[in-house]
Amino acid sequence: MRRKLTVGAITLAVTGAGLYSAGLPAASSDIINTLEPTADEQTSVVEVHVADRDELDELIATGVDLDHQVHALEDGLEVHAVVTPSEAEALEAMGFETGEVVFSSADMDSALEEREATIAAHIAENEEFAAQAYDQTNPDVSDVKIVRADYYTTQTGTQVLSVEAKWAQGQTSSQQLTVERDSGPGTDMGSGGTQNISRFVDAGVYLYHRGASSVSTRPEYIRITSPTGDVAVAKVNDWLPIEGDDEFKGDVYEEDFITSYLTPTELYDRIHQLAAEFPDLAEIVELPQKTNGYRRHAQALLDQSSRLVVDPPSAAAGEYGFAGPAGYGPGIPQAGLAGSFALVNDGSALPAEGCDPLVGFPTGSIALVDRGTCPFVQKTQNAQAAGAAAVVIVNNVPGAPFSPGGSASGITIPTVMISQDDGSVIKSNLPATGTLLPASSNASRVGVDSVAWGHEGGNDLTIASVNPGVPDSPLSVDVDGNDITVNLGTDSSGALVSTAAEVVAAINSDAAASGLVFAYTYRGSTGNGVVPATSRQNLSDFLSAPDTVSRDPHSVYALRIGKHRDGSKPGVLAYAQEHAREWVPPLVAIESAERLLRNYAHHGQTKQLLNNLDIWIAPSINPDGGHYSFYDDNGQRRNMTRHCSVTGSYDLNARDNWGVDNNRNYTEYSLFDGYSGASTSCTSDVFAGPSELSEPENKNLEWLASRPNIKFSMNLHSSGNYFMWSPGSYATPGRISAPRPTLAEESFFWGASSRILTAIKRHRGLSVTPARTGPISDVLYSAAGNSGDMLWYKYGIYAWNFEVGTSFQPNWTEAHDETMEFSNGLVELMRVARSFDTDNTRPESQIVVTESSTAGMVNLKFDTTEPAAVFYTLDGSTPTLSSTLYASAGIREAGELLTVPEGTTVHWFSVDAAGNVEQNYEPDGKGKNFRKGIAALSD
Ligand SMILES: [Zn+2]
């Protein structure tokens, strides 16, 4: 039997079981008289196998309640009986062979409830639309579609409506879309005002329009009329509504254990203490790879910065820094520019500003000119006209000098700037002679690295390049203990002549010097510039952490939490500080660990989590970078490893720009696979490394991910208050995404996410917004080779990413709040894992058929009661796990709308994320109780 129920435009096609034949399941029959059903027994629909028509007649003669479905089998007939358990037993006692339970009473009750709710909702919507006379165009022909309409409140109580919509012309037209709002149930469309939403285009590809706006009342419906006049209407959804108290936490729940930022050393100390305090519940696991270590070779550069030298006997004798050359005119010649310094006089009220033609200026001198009143170019032009060899601008405000700006042609002398303080010293000690010396050119620089690590002797070395002060002196290298001296060569006039390449060769070929250091020219230069004399300097590894931070390759630790840490329980992995400068995420990891351990003894639900899960918490994946960010460069994102070649950014000037972005060095959809969002440059903040998994940090995380029982993970980052999952990367051009999760997987991600984000919001009302929730590549950017993608695609782990808070190192009050709220979210992930593990509720589904704009066709979609995959056939064949998988309509959309000929036979079943199959169907092609329907509208 097949019956169609028509509700407005919706047709529910249902089959089998007589579910709707009499409004209620049929009462059991008392004609089966060997047993009376007990009063509270409920009926089920059970398959009964009979050999032939005669046996079927005998079955009918018992008076059992049969529905009208009779299937011919190879060995007889199959019918469905609506019976209580007692009646089923009686049938068996009478020799009838019963089979699978097709529908239980619980199935019936929930299906009925669902049906009634669907009917009520559609009637209400239809009445509402009719009352408001909306022009609602058929959704399969309208060129605009509303994807999300979410209402939420911010921490400060502001009401916000976030809207996402797709417009068919969005790729080619830059127009905004205007969203009209009503002002609550039953109000006129437009009465709540309007807001505009803008295109979201990434990598040249239009994704959707999006935008959020504050509203004064919560709208019930919104409407978008596209520029072509097509219309879409949608009901507004509540994003993260918080109803009542958090039933998870109670009076006995302890939290708030973190009082300051923690360095990686302190993080590891903390989890060691926890493992020692709770030996029955936790243990420390040292991951297989040690890092390359918080250590570097000591370095120096033989070069000099630009400087102005004043000769004795002037009281100003000495060296002064300058900025420049200016944006116009030539630079200082490499050999320097010598002369007398002379303060200019232009005969005006401010004579030293040189804005008018100079008076009495000594030709060939270096002009000292005060900054102020007129352009730098004008000052230089006046000095040049008076015969100056160069111009030194004296700043007129305190602070560092800067390169004078401007542009002009015809300027042949260099211009630089010195500070106000330095200028006043020189001006008040004239007459004076001296020299302007430029910074070393790249061609004249020599870099040296210690052979030993800095902390193992490299930092004790010194080096100087010396002018011997006599003509025709050869280049030589002396080593005295830790002190290296380069005696520069001179020509017959006594001028320095040793080039950088010659100095490099001299150091590297000297047995004693090359035992201490390795020398190189600067960033691939041929080294044909003359090396200047430099004062003696220490080589340094420039590492500032106290000795309590180990310089050795560092162990990386995880805390494993659970009563049964043998791999028998579902695993959850949380890991933080892939990115060194992100200081709050490790605290979320620690706070969550302490909540789990310190509440176990007295908080029942926490005890359930630890008794049934295998939780791995790795608070710092990248301890070397982490230490560097605390003690040396708080902007450090990557690990500390220098992969730059000796002809590249190898020298000390690049020391804050080395390292591999650990979140770009993994194996799936990586830079090396052609995906976007990572760099081959060794100084890029998204450097992917020399090859996949080149870094010990990454090998460690892969080891964690490959624990076979790990099912869920959270990659803790900051900042931005994002909550994301795969895919995390795409290839350009064309924005070819890594494979998208199935509709069921995506639904599960969204469903679990709403639980986790609601837990976060409970702390202080922070709403992670809909626009910042979803696949990484949909809401943020492509991040080729990120860890989440490896965990999801390679290991099948439901892998999420937090982007905690609003900055990398916020003030402590803010950091503390972020720690508390995202720990709520991380603990909720543990609860999601537990729910998943205990989920044995079968999903239910139905088909929904609507009119198509094409004659003879109808639109078909599947609804499920929980996130579930739907496998279907349209040719009457038996659905299996190889059948077509029902997909989403597009990025951030619900299920697709299939257009099929009216009357198409639809067979299907659904499977939830935990593997429960609808109706206990065996999807091996032999089972019978898959769902059946006809894609048909009402008559
Ligand atoms: Zn990060």
Review point. Measuring from centroid to centroid over Cα atoms, what is the spacing of region 415-462 and region 140-199 in Å?
Key: 60
Practice item. List the residues whose amide H sits under 5 Å from the amide H of E100, counting only those 5 or more places along or on another chain, with H placed 1.01 Å from N in the peptide plane. Key: E47
Review point. With every protein chain in place, what's the accessible area of V201 (1.4 Å probe, Å², nearest 10)?
Key: 60
Check your understanding: What percentage of the solvent-accessible surface of region 632-737, computed with a 1.4 Å probe over protein heavy atoms, is contributed by carbon and sulfur atoms?
Key -> 46
Revision key, fill the gap. Everything considered on the Cα gyration tensor (a ≥ b ≥ c; rounded for a/c under 1.5, else prolate if a/b is larger than b/c, else oblate), the chain must be described as prolate
Exercise for review: Measure out, as a whole number of angstrom, how far apart the alpha-carbon centroids of region 668-728 and region 334-384 sit.
Suggested key: 58
Practice item. If a/c stays under 1.5 just call it rounded; otherwise compare a/b with b/c (prolate if a/b is bigger, oblate if not). Do that for region 187-321, with a ≥ b ≥ c from the square roots of the Cα gyration tensor eigenvalues. Key: oblate
Point to revise | Bridge type composition, the chain - antiparallel percent by DSSP, nearest 5 | key: 75
Study note, to complete from the structure: For Y631 and D673, extending 7 Å from Cα along the Cα-Cβ vector and measuring point to point gives, in nm, a value of 3.8
Practice item. Calculate the spin-label point distance for V231 paired with A601, positioning each point 7 Å from the Cα along the beta-carbon direction, and give it in nanometres. Key: 6.6
Study note, to complete from the structure: For G626, the net charge from surrounding residues (Cβ-Cβ under 12 Å; K, R +1; D, E -1) works out to -4
Practice item. Enter the Cα centre distance for the pair region 864-900 and region 257-323, rounded to the nearest angstrom. Key: 55
Exercise for review: Quick one: which residues, 5 or more positions from I484 or on another chain, have an amide H under 5 Å from its amide H? H modelled 1.01 Å from N in the peptide plane, none for Pro or chain starts.
Suggested key: T462, I463, A464
Check your understanding: Classify region 324-383: rounded, prolate or oblate, from the alpha-carbon gyration tensor (a ≥ b ≥ c, eigenvalue square roots; a/c under 1.5 rounded; otherwise prolate if a/b is larger than b/c)?
Key -> oblate
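Work out, step by step, the length gained on full extension between L885 and E851: first 0.36 nm times the residue separation, then minus their alpha carbon distance; give nm to one decimal.
Taking 0.36 nm per residue and subtracting the Cα distance, the gain is 10.0 nm.
Could you report region 540-656's accessible area per residue, 1.4 Å probe, as an integer in Å²?
Spelled out: the 1.4 Å probe surface of region 540-656, per residue, equals 27 Å².
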Review point. K290: which lysines have alpha carbons under 26 Å from its alpha carbon, excluding same-chain residues fewer than 8 sequence positions away?
Key: K699, K711, K794
Check your understanding: Given a Förster radius of 51 Å and the C-beta distance between A349 and K794 as r, what FRET efficiency does 1/(1 + (r/R0)^6) yield to the nearest 0.05?
Key -> 0.10
Point to revise | With Cα atoms, 0 to 90° folded angle of helix 264-277 axis to the chain main axis | key: 40
Exercise for review: Can you pull the one-decimal nm distance between simple spin-label points at V646 and D566, each 7 Å off the Cα toward Cβ?
Suggested key: 5.6
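Give the average over all directions of the projected area of the C-alpha convex hull of region 431-585, one decimal, in nm².
Projected area, direction-averaged: 16.9 nm².
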Practice item. For region 380-385, take each phi angle, set θ = phi - 60°, evaluate the Karplus expression 6.51 cos²θ - 1.76 cosθ + 1.60, and give the result in whole Hz per residue in order, putting x for glycine and proline. Key: 5, 4, 5, 5, 4, 4
Review point. What order do D421, D624 take when sorted by accessible area (1.4 Å probe), most exposed first?
Key: D421, D624
Point to revise | Spin-label zone in region 202-234 - amide nitrogen under 18 Å from a point set 7 Å from the Cα of Q169 along the C-beta vector | key: 206-210, 224-232
Practice item. Determine which residues of region 252-284 fall in the zone a paramagnetic label at T548 would reach in this model, i.e. backbone nitrogen under 16 Å from the point 7 Å along Cα→Cβ. Key: 259-273
Exercise for review: Please determine, in degrees from 0 to 90 and to the nearest 10, the orientation of helix 743-764 with respect to the longest principal axis defined by the Cα atoms of the chain, where the helix direction is its Cα long axis.
Suggested key: 70
Check your understanding: What's the local net charge at F748, with K and R +1, D and E -1, over the other residues with C-beta under 13 Å away?
Key -> -3
Check your understanding: If the cut-off is 27 Å between C-alpha atoms, which lysines fall inside it for K145, apart from same-chain ones fewer than 8 positions away?
Key -> K166, K235, K861
Practice item. For the chain, build the charge dipole from Cβ charges (+1 Lys, Arg; -1 Asp, Glu) around the Cα centre, then report which of I146, T156, A833 sits farthest towards its positive end. Key: T156
Point to revise | H49-R707 FRET efficiency (beta carbon distance; Förster radius 41 Å; 0.05 resolution) | key: 0.35
Point to revise | Dipole in debye (nearest 20) - the chain, about Cα centre, beta carbon charges: Lys, Arg +1; Asp, Glu -1 | key: 4120
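Given the Cα-Cα distance of N442 and S424 and 0.36 nm per residue of separation, how much length would full extension add, in nm?
Gain in length upon complete extension: 3.3 nm.
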Check your understanding: With axes computed from alpha carbons, what is the tilt in degrees of helix 500-509 against the longest principal axis of the chain, rounded to the nearest 10 within 0 to 90?
Key -> 80
Exercise for review: Grab the Cα-Cα distance for D188 and C374, subtract it from 0.36 nm times how many residues apart they are, and report the gain in nm with one decimal.
Suggested key: 60.6 nm
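The values are calculated or read from the model by the stated rules, or taken from the named source; none is laboratory data. Bear in mind that the values here come from a model prediction, so they are computed numbers and not experimental data. Glycine also receives a Cβ, built like all others from the backbone with ideal geometry; neighbour counts cover every protein chain displayed. Ligands, DNA and RNA are excluded from the accessible area calculation, which covers all protein heavy atoms including side chains. Shrake-Rupley method; radii C 1.70, N 1.55, O 1.52, S 1.80 Å.
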